[in-house]
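As C-alpha cells, the structure follows; a few thoughts come after it.
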Amino acid sequence: MSNPRDRVVGAVVLAAGESKRLGQPKQLASYNGRPLLAKAIGEAVNSGANPIVVVLGAFADEIEDSLPPAPDHVRFVRNENWREGMSTSIACGVRRLLDANRAITGLLILVCDQPATNAELLGEFVGCHSSQPDRILLSDYGTGRGPPGLFPR
C-alpha cells in the first residue's frame with residue numbers, strides 16, 4: 001500500500017488480568033471519576049483506531065456490567081486462557097481484530113492501567129504508521145520499552 005490513506009490501524013486494549021495485589025478489579029479502579037478501562041477505551045476511540053478490541057478475562061461479567069456503553073466499533077472478547085499470561089490476551093485480541101477487519105495494516109496495543117496514556121500519544125503512533133508503515137513503535141521509559149506500542153501487520 002503506497003497511499004497513507006489506505007492504512008488502517010486497529011487497537012487491542014488488554015484488560016484480562018486478575019489484579020491480585022490490588023484485591024479488586026484494577027480495570028474498574030476510578031481515575032478522575034471514571035473506571036481505568038473506560039478511560040483507556042475512550043482514548044483508543046479518540047486516537048482514530050478502528051476497530052478496537054477489548055480483551056477481558058478475570059471478572060469479565062462484572063467489568064462489562066460496570067462500563068458505560070461503547071461505540072459500535074469497540075468489541076469485547078473474552079480470553080478464556082487469561083491465567084496463562086498476557087501473550088494469550090494479545091493473541092486473542094489480534095484474532096478478533098483481524099476477524100473484524102482484514103484490511104488492518106497496523107496494530108496498537110495498550111493496557112488498561114496506564115492512565116497517562118492519552119489519545120494524543122496514540123494518535124502520534126497512528127500518524128507515524130501513516131508515514132512509516134513498516135516501523136515498530138514502542139513507548140520508551142528510560143529503563144525499557146513497553147506499551148502502548150504499534151506493530152505493523
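From the set of residues in the range 114-130 that are touching a strand residue (DSSP E or B) at 6+ places or on another chain (Cβ under 6 Å) and assigned to a loop (DSSP other than H, G, I, E, B), which is farthest from GLN27 (Cα to Cα)?
THR117
If you check every pair at least six apart or on different chains, which have Cβ atoms under 7 Å apart with a residue in the range 94-114 that is acidic (Asp, Glu) first and a residue that is surrounded by 19 or more Cβ atoms within 10 Å (Cβ to Cβ) and not in a loop (DSSP other than H, G, I, E, B) second?
ASP113/LYS26; ASP113/LEU36
Give me a count of the residues in the range 17-28 that are free of Cβ contacts under 8 Å to residues at least 12 places away in the same chain and in contact with a strand residue (DSSP E or B) (Cβ under 9 Å, 6 or more places away or on another chain).
Within the range 17-28, residues that are free of Cβ contacts under 8 Å to residues at least 12 places away in the same chain and in contact with a strand residue (DSSP E or B) (Cβ under 9 Å, 6 or more places away or on another chain) number 1.
Please return the ranges of strands (runs of 3 or more DSSP E) entirely within the range 1-99 where 3 or more residues are open to solvent by less than 30 Å² (accessible area, probe 1.4 Å) and at pLDDT 95 or above.
9-15, 52-56
What single numbered condition from (1) over 14 Å from the mean Cα position of the chain (by Cα); (2) hydrophobic (A, V, I, L, M, F, W, C); (3) more than 26 Å from TYR31 (Cα to Cα) fails to hold for ALA91?
Condition not satisfied by ALA91: (1).
If I filter the range 123-153 down to residues being touching a His at 6+ places or on another chain (Cβ under 9 Å) and open to solvent by 20 Å² or more (accessible area, probe 1.4 Å), which single residue comes out as nearest to ILE90 (Cα to Cα)?
PRO152
Which of the residues belonging to the range 100-113 are in a loop (DSSP other than H, G, I, E, B) and buried (at least 16 other Cβ atoms within 10 Å of the Cβ)?
ILE104, THR105, CYS112, ASP113
Checking GLU120 against (1) surrounded by 12 or more Cβ atoms within 10 Å (Cβ to Cβ); (2) within 15 Å of the chain's Cα centre (by Cα): exactly one of these is not met. Which one?
GLU120 satisfies all of (1) surrounded by 12 or more Cβ atoms within 10 Å (Cβ to Cβ); (2) within 15 Å of the chain's Cα centre (by Cα) except (1).
Please enumerate the residues belonging to the range 43-90 that are touching a helix residue (DSSP H, G or I) at 6+ places or on another chain (Cβ under 9 Å) and among the charged types (D, E, K, R).
GLU43, GLU62, ARG75, ARG78, GLU80
Any residue in the range 46-71 that's touching a residue at least 12 places away in the same chain (Cβ under 8 Å): show its pairings with residues that are charged (D, E, K, R) and part of a helix (DSSP H, G or I) at Cβ separation under 7 Å, as long as the two are six or more apart or on different chains.
Every condition considered, the pairs that remain are VAL53/ARG96; LEU56/GLU64.
The values are calculated or read from the model by the stated rules, or taken from the named source; none is laboratory data. Small disclaimer: the values here were computed from a predicted structure and weren't measured. All Cβ positions, even for glycine, are placed from backbone atoms using ideal geometry, and neighbour counts span all protein chains on display. For the accessible areas, the whole protein counts, side chains as well, though only heavy atoms, and no ligand, DNA or RNA atoms are used. Shrake-Rupley method; radii C 1.70, N 1.55, O 1.52, S 1.80 Å.
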